[in-house]
Each structure stands twice: as C-alpha cells, then as structure tokens.
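Input: a single structure, listed below in structure tokens.
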Amino acid sequence: MWFSFWKPRDRFSLDELRYLTDQLVKVQIVNEVNKDFVIEALRSIAELITYGDQHDSTFFEFFMEKQVMGEFVRILKVSRTVSVSLQLLQTISIMIQNLKNEHAIYYMFSNEHMNYLITYSFDFQNEELLSYYISFLRAISGKLDRNTISLLVKTHNDEVVSFPLYVEAIHFAFHEESMVRTAIRALTLNVYHVGDESVNRYVTSAPHADYFSNLVTFFRKQCINLNALVSDTMKNLGAESTETTTLISAAVDEIEDSLYYFSDVISAGIPDVGRLITDNILQLLIFPLLLPSLTRKAVEGVQIGAAISLYLVCCILRIVKIKDLANTIAAALFCPLDAVVPKFGSKPNGYTPLCAFEHESEPPDSNNLTKADAGILRVDVTNLSSSPKIHSADVPRENDCCDFHLSLREALISYITSGDDVQVAGSLSVLATLLQTKELDESMLDSLGILPQRKQHKKLLLQALVGEGSGEEQLFSSESGSSRDGVEFGSELDSCLQKLKVLDALVSLFCRSNISAETLWDGGWLLRQLLPYSQAEFNSHHLKLLNDSYKNCASALLKETRGIWPDLLITILSDEWKRCKRAIEASSPRKEPKCILLSSPKFSSEDGITSDSSFVAGERMCELVKVFVLQHQLQIFSVGRSLPEKPPIDPPADIFENSRAQSAGVDSSGPKLGTELRLVDAVPCRIAFERGKERHFCFLAISLGASGWVVLAEELPLKEPYGVVRMVAPLAGTDPKVDDKHSRWMHLRIRPSTFPFVEPARYGAYGKAKTKALVDGRWTLAFRDEESCNSALSMILEEISLQSNEVERRLKPLLDLETIVESSNSSLGPPKATSSYSTFSNSL
C-alpha cells in the first residue's frame with residue numbers, strides 16, 4: 001500500500017482524489033506508523049477539492065458521493081496523535097475558506113458533521129491545536145448568511161435551542177491571548193450581522209445574554225490593569241522606560257479595541273443588545289468605578305485613578321455612540337458624588353434599576369431629561385424654578401473637590417483650575433468630547449455651560465422664529481430680559497452662570513505656570529469652540545488676568561534673546577504660531593484621549609542630559625514659546641479679532657556696516673568649512689581635539705543678524721591676512737569662561753546647530769537622539785598671553801550682544817501688548833457689538 005501511494009500520478013486528477021479517499025477508508029487506526037500518510041492525504045484532499053471547485057465540479061461530486069466528510073470525522077475518532085487533529089482542522093478550514101460554490105458550502109455545513117467537529121473534545125492545552133481550532137471556527141463564521149446559519153442551529157417550534165458554533169466560541173472570548181479574543185470577536189460579529197431573528201433572540205436570552213455583561217466585566221478588568229500600569233509609572237517617574245511606554249500603549253489599544261467591538265455589536269441592530277451593553281457599562285463601570293474616581297477624596301472600593309477615569313469617559317463617549325448612554329453620563333455630572341452610588345430597588349414594571357439619581361439642583365431648562373430613563377438612570381428634576389446659587393468668582397478651589405456634596409461637574413472644573421497637568425488634560429478632553437458628542441442633547445451642553453455660542457444663537461433664532469418671546473428678546477437685545485417670568489429667567493441665568501464658570505476656569509488655566517503648553521493649547525481650542533470670533537465675552541477681571549499673564553510670559557521670552565538659542569528663537573516662534581493657530585481653530589481636538597496617558601517624551605538624566613545642558617534649555621525655550629504664542633493669540637481673540645497667518649515680527653536688517661562679518665567676508669549663509677575668510681581681529685590660539693595632538697588656529701567670533709558663529713581657521717602664510725575655515729560652531733550658548741587657574745585658557749560650550757524640537761526627523765520618531773549626539777561639546781582654547789585671552793573673551797561677548805540685540809529688535813512688535821490692540825483696530829476696523837452674554841458677564 002505504501003509503495004503504491006508514492007507512485008507517480010497526475011496530482012490534480014479525479015483518480016488521485018479517488019485513490020486518496022480509498023486509502024483513508026482502509027485506515028482503521030492512526031498511530032505513529034501511519035500518521036505521516038494520513039496527514040499528507042488530508043492535505044492533498046484539501047488541495048484537490050479547492051482545485052476542483054475552480055476547474056472541475058466532478059471533484060466535489062465525488063467528495064459528496066463518497067461522504068468524505070464522514071471519513072474525516074471517523075479519522076479524528078480513531079486518531080491517537082495531535083498532529084492529525086491539527087491537519088484535519090487545517091484541511092477543513094482551507095476548504096471552507098476557498099470553496100466558492102454555494103452548494104458545496106451547504107453540503108459542508110449539513111449532516112451535523114460540522115457541529116460534531118465544533119463540539120469535539122480537543123486537547124486545548126496544546127496552544128497550536130487551539131490556534132487551528134479558533135481559525136476553523138472563524139472560517140465557518142465567514143460563510144454565514146441567512147441560509148447557511150440554519151444548517152448549524154437546532155430549532156424547536158421555530159425557536160433556536162442550540163447553536164454550537166456560537167456557544168463554543170464564546171467560551172474563548174476572554175482567553176489570555178489577544179489573537180484568540182480578536183478571532184472570537186470577529187466570529188460573533190459575523191453571527192450578529194446575519195440578521196436572523198431567531199438567532200438574535202437566542203443570543204439575547206438567558207444564559208447567553210450573560211456574554212454581554214461578561215464583556216463589560218472583562219473590560220473593567222482591562223481598565224483596572226491599565227490603571228495599575230500607569231500608577232507604577234507615576235511612582236517611578238525617573239525610571240520611565242520604552243518598555244513601560246510600550247506596555248501602556250498596548251493596554252490602551254486593547255481598551256479602545258474593546259470599545260470599538262461594543263460599537264460594532266450595537267451597530268448590528270439586534271433588539272435589546274444596545275440596552276444590555278448600556279446597562280452593564282453603567283452598572284459595572286461608570287457608576288461604581290469611573291465617576292467616583294473623579295473626586296480627589298479617596299472613595300472606599302474605588303480601584304482606579306482620576307486620569308484613567310477621565311480617559312475612559314472620553315473613549316466611551318467617542319466610540320460607543322448610544323444616545324441614552326451619553327445623556328446618562330452627562331446627567332450624572334450634575335449630581336454630587338454621594339448620589340453616584342448604586343441604589344438597588346425595584347421599579348413598578350419589575351425591572352431592577354442599577355442606579356437612580358434624585359437631586360434638588362438638577363440642570364434647569366431640561367424638561368426632556370425629567371424622565372430620562374435609559375433603563376438605568378432616572379433624573380427627577382423637582383425644582384426647575386430654583387437655580388443654584390453660583391457666583392462668577394465661584395470657581396472650585398483645591399479642597400472643593402474633596403466635598404462629596406459638590407457635583408461631579410464642579411470636580412471637572414476644579415481639576416482645570418488646580419489639578420496637575422494630566423488631570424487638566426483629562427478634564428479638558430472630557431469637556432471637548434461632550435461638546436463633540438452628537439448623541440448628546442444640546443440642553444445638556446447648555447446646562448453644563450459648554451454649549452457653543454453659535455449653537456446658542458441658533459437656538460435663540462429658532463425660538464424667535466416660532467414666536468417664543470424670550471428667544472427673540474435675547475437674540476436682538478443686549479439687555480438681560482428682566483421682564484421675563486421667574487422660571488425662564490432662572491433657567492437662563494443658571495445656564496449663563498455655568499458658562500461663565502467654565503470661562504473663569506479656562507482663564508484661570510491660561511494663567512497657570514505649572515501646566516504644559518500642549519495642554520494649554522487644548523484649553524485654547526475649547527475656548528475657541530465656546531466663544532467664536534467677534535464675541536467679546538471676557539469681563540474686566542478676565543482681561544486683567546490675561547494681560548498680567550501675557551506680560552510675565554513676554555518678559556520671560558525677552559530673556560531668551562540673551563539665552564542659549566536666540567538664533568532659533570524667531571524660527572521656532574513663527575512655526576509655533578502657525579501650529580497654535582491651526583490647533584485652536586480646528587474643527588475637532590487635535591489629540592486623541594490616549595494622549596492623556598501617553599505624554600510626549602522629555603530629555604532626562606537617563607539620556608545623558610544634565611540640567612545645565614543646552615538641550616534642556618532648548619526644551620524649556622520651546623515650551624515658553626508655545627505658551628507665549630497662545631497668550632498672544634488670546635490677546636487678539638479677547639478683542640474679537642481674527643488671528644493673522646504670521647506673527648508680527650520685523651524683517652531682518654539689510655546692511656550690517658562695520659561688522660566683523662563684513663570685514664571677514666562672510667555672507668548670510670555663514671562661514672563654511674574649507675572656505676577662505678579674512679582674519680581681521682582674529683586671535684591666535686592652540687587647541688587639542690585628541691590627546692597629545694595640539695593644533696594652532698586663529699580664533700574669530702562673528703555675528704550676522706540673528707545668527708552667529710565661532711570659527712577656528714588655519715592661517716595662510718602666503719596669503720595674509722586670509723585663513724581657511726577648519727571648525728565652525730554656533731556663537732550663542734558658548735558661555736565663555738576664563739579658567740580660574742590658567743588665565744590664558746578659555747572654556748567654551750559648543751552646542752549643536754539645531755535640536756530635536758526643530759528637526760525631529762533627524763533625531764528619530766520620538767524626537768530623541770543617541771546620547772552621544774545630545775551631549776554638549778567643550779573647547780578649551782589656549783592663548784599666547786592673558787591679554788589675548790581677554791581680547792577673545794571681549795570679542796565673543798560683543799558679538800553675542802549684537803546677535804541678541806538684533807533678535808530683540810525683530811521681536812519688539814510682537815512683545816508690545818498695546819501694539820496688539822492698536823494694530824488690530826487699525827487693520828480691521830471697530831469691533832462688532834458684543835452679545836447679551838458679554839453685557840451680563842461684565843455686570844457681574
């Protein structure tokens with residue numbers, strides 16, 4: 001038998017298929033002796049059936065006639081080796097995936113052979129076997145439609161009572177291997193999207209509906225694990241590594257994948273699935289875990305930090321687009337923490353609610369939320385006519401969010417005014433997400449104080465068109481409408497006060513010095529969304545705070561003209577101006593919620609960077625420039641003007657007469673290695689770049705506009721006073737110092753000509769270079785005598801001063817606060833009339 005099997009034969013022929021089938025029929029037991037033949041036979045049959053499906057239908061007709069699927073099942077039963085099981089699963093998977101003929105698929109799924117293989121007790125301790133089995137299940141699900149799915153279920157009285165494919169698959173839904181989980185999720189989605197009503201009823205009935213609550217439970221564990229990773233990173237800030245960042249990034253990706261899976265399941269349109277997922281997210285995650293963590297006071301049983309909570313709320317709102325879920329989360333923000341506690345009881349209809357809120361100071365003007373029943377949350381607004389006693393200066397301070405009686409909305413605002421950088425970024429992201437959540441009622445945004453001005457005007461216009469007096473009066477009058485009745489005025493007053501509260505918090509944020517520029521830009525985007533141009537919504541207190549903050553920032557920027565990087569200051573400022581303008585004028589936030597947890601890398605001692613390094617100074621200057629640009633644009637914004645495309649910076653001077661650069665023959669491109677220049681005022685010196693190899697040069701310091709260089713040139717004996725440039729380094733940041741013990745020696749710090757913030761591509765994807773490239777160089781120059789050393793020192797200081805003065809001159813229009821308003825007024829005409837909100841806020 002074995003000899004005949006290996007005889008030459010047309011491989012892709014019906015005779016070959018007949019021969020292989022006959023040989024399989026003769027196999028009574030599969031052991032170590034004949035397993036290789038069986039494996040090869042199974043593999044070859046898969047190839048032949050796939051070939052026949054495309055070229056010759058008689059191949060599959062023979063396959064059906066001889067009931068080869070039954071032979072496959074019999075081989076599995078008599079097999080004693082795992083390798084045969086592996087090949088059998090692979091063989092059937094290949095056939096299912098490649099068969100195009102519908103009748104062939106119907107045959108494969110009929111006769112209960114497929115369900116037998118699905119429910120067979122494989123040894124899943126073998127990881128490879130599990131992988132093949134999962135691929136086998138997924139291959140089957142890929143061929144499901146309204147016709148084929150009926151072949152894989154058992155029914156009674158037109159109701160599905162058994163569905164082995166689905167039941168067996170969800171056993172692996174929470175496997176430790178992410179690839180397995182991903183395959184099972186794809187399989188379940190294939191089932192849900194078939195749209196068979198009886199199957200839909202089956203998957204949403206007990207006990208199979210537990211899968212959806214188990215999904216949320218597993219997701220909750222993922223959230224807690226992410227919190228543990230981030231907490232460990234925060235505890236070991238100095239030891240942050242690429243590995244830790246990778247782990248956090250992977251955990252974040254898995255969490256977002258889970259949420260997208262929830263969204264895909266809901267989009268299948270199965271009745272009650274959206275409610276099941278909403279209920280479980282609220283019961284297992286939002287109310288007991290996420291919302292309580294928004295307070296700074298420790299809550300017993302809470303296993304997650306505020307930063308993670310803020311990130312997750314953003315992700316849920318952005319990805320799981322369920323109207324009831326979005327409005328319930330927003331409604332919960334109006335409640336104090338002691339109300340966000342599960343209250344189990346019974347409802348008249350027998351449904352057990354997960355949480356119910358009753359609070360005396362619910363958002364006014366929210367009649368549509370009075371009975372906002374999502375099966376979970378019931379908000380009873382019992383006192384619409386009364387409005388909370390809120391004052392314009394009533395922004396929560398640091399200790400306020402420790403009070404459980406304050407609403408969670410106040411906790412969010414308190415993070416903006418007094419939280420750390422991550423908490424501020426998270427709170428801004430939550431507000432921005434709420435603002436962009438289309439499923440959220442505008443009345444919610446209005447009550448939260450974050451309804452954009454354009455939408456507010458649209459609402460008032462609609463009210464005016466349908467004849468509602470308050471809308472018409474508020475739209476076309478700057479008065480606050482004292483003639484309106486108390487209920488309407490109370491509602492509008494509360495909405496206005498809440499908006500003013502958010503504005504207070506944002507202005508307070510812009511005045512904080514311990515928040516990163518990137519986070520402040522996020523605040524700028526939110527402000528831009530709330531208050532469009534030509535709306536002078538700032539009161540006098542806001543303007544004073546912004547002016548004082550701007551002056552402090554401008555003063556700090558002016559010092560940078562005398563710092564280490566003045567030659568790049570204008571370039572960076574111009575680039576950041578454009579970036580900031582794009583960021584705050586964008587239609588959506590420029591960063592995803594994951595950026596709350598994945599902060600940009602900073603240079604640290606682990607990179608070989610010390611605190612006095614030019615790179616640290618450059619990083620600090622870039623941060624300052626970003627803050628200054630935002631502050632400057634806020635000044636323009638506060639007077640209701642649109643932002644110019646470029647910052648108001650004077651052009652470079654055309655002529656630099658009587659300069660060393662002119663005397664040396666250096667043009668605007670600067671001195672180049674190997675070129676000649678005149679050694680006017682050059683000072684002879686010696687320097688050793690290698691131990692024991694001292695070289696003689698002429699030292700020269702040159703400035704030209706905002707640029708400057710220190711040059712080492714070799715004198716040309718036959719062409720005096722010319723020399724050849726051998727070494728060039730930036731003038732700025734040299735920090736010249738005469739040696740304490742040797743008055744003829746001078747030490748210079750040599751920084752790079754650029755750094756990662758200007759040319760990130762040169763330093764890798766994350767803006768980090770190799771440690772060697774980040775370390776500042778050092779020159780020690782030895783002069784002939786003390787007088788020569790002092791002459792060189794004076795030359796350096798003089799050229800640095802000229803360079804700094806030129807940078808300062810060009811920045812003068814930008815740094816003059818009065819020029820901002822005057823130039824805006826002269827170029828754009830008088831400001832437009834302010835809105836009624838502006839009048840109201842200034843009166844406060």
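In the context of the full set of protein chains, residues of segment 211-330 present 39 Å² of accessible surface per residue (probe radius 1.4 Å, heavy atoms only).
Keeping all protein chains in place, calculate the accessible area per residue for segment 638-707 (probe 1.4 angstrom), answer in Å². Kindly include the intermediate steps, with their values, before the conclusion.
On the way: 4030 Å² over 70 residues.
It amounts to 58 Å² per residue over segment 638-707.
Of Ile224, Ile687, Ile29, the residue with the largest accessible area leads and the full order is Ile29, Ile224, Ile687 (1.4 Å probe).
Over segment 1-205, with the other protein chains present, what is the accessible area per residue in square angstrom, probe 1.4 angstrom? Intermediate values should be presented prior to the final figure.
Numbers: 10010 Å² over 205 residues.
Accessible area per residue: 49 Å².
Cross-link check: pairs Lys559/Lys594; Lys438/Lys591; Lys501/Lys626; Lys501/Lys581 evaluated at a Cα-Cα cut-off of 29 Å; pairs beyond the cut-off: Lys559/Lys594.
Which order do Glu720, Glu254 take by accessible area at a 1.4 Å probe, largest first?
Glu720, Glu254
When a 1.4 Å probe is rolled over the protein heavy atoms, the share of accessible surface on segment 1-205 that falls to carbon and sulfur comes to 48 percent.
Net charge near Arg43, counting Lys/Arg +1 and Asp/Glu -1 over other residues with Cβ under 13 Å of its Cβ?
Numbers: positive: Arg11, Lys35; negative: Glu16, Asp36, Glu40, Glu47.
So the environment of Arg43 carries a net charge of -2.
The smallest convex shape that holds all Cα atoms of segment 1-205, its convex hull, gives 121 Å³ per residue.
Among residues other than Asp735 with Cβ under 12 Å from its Cβ, the summed charge is +3 (Lys and Arg +1, Asp and Glu -1).
Projecting the Cα positions of Ala139, Leu151, Leu24 onto the charge dipole of segment 1-205 (unit charges on Cβ atoms of Lys, Arg, Asp and Glu, taken about the Cα centre) puts Leu24 furthest along the positive direction.
The values are calculated or read from the model by the stated rules, or taken from the named source; none is laboratory data. What you are looking at is a predicted structure, and each value in this text was computed from that prediction instead of being measured. For neighbour counting, all protein chains shown are included, and Cβ atoms are generated from backbone atoms with ideal geometry for every residue, glycine included. Surface accessibility is based on the protein's heavy atoms, side chains included, excluding ligands, DNA and RNA. Shrake-Rupley method; radii C 1.70, N 1.55, O 1.52, S 1.80 Å.
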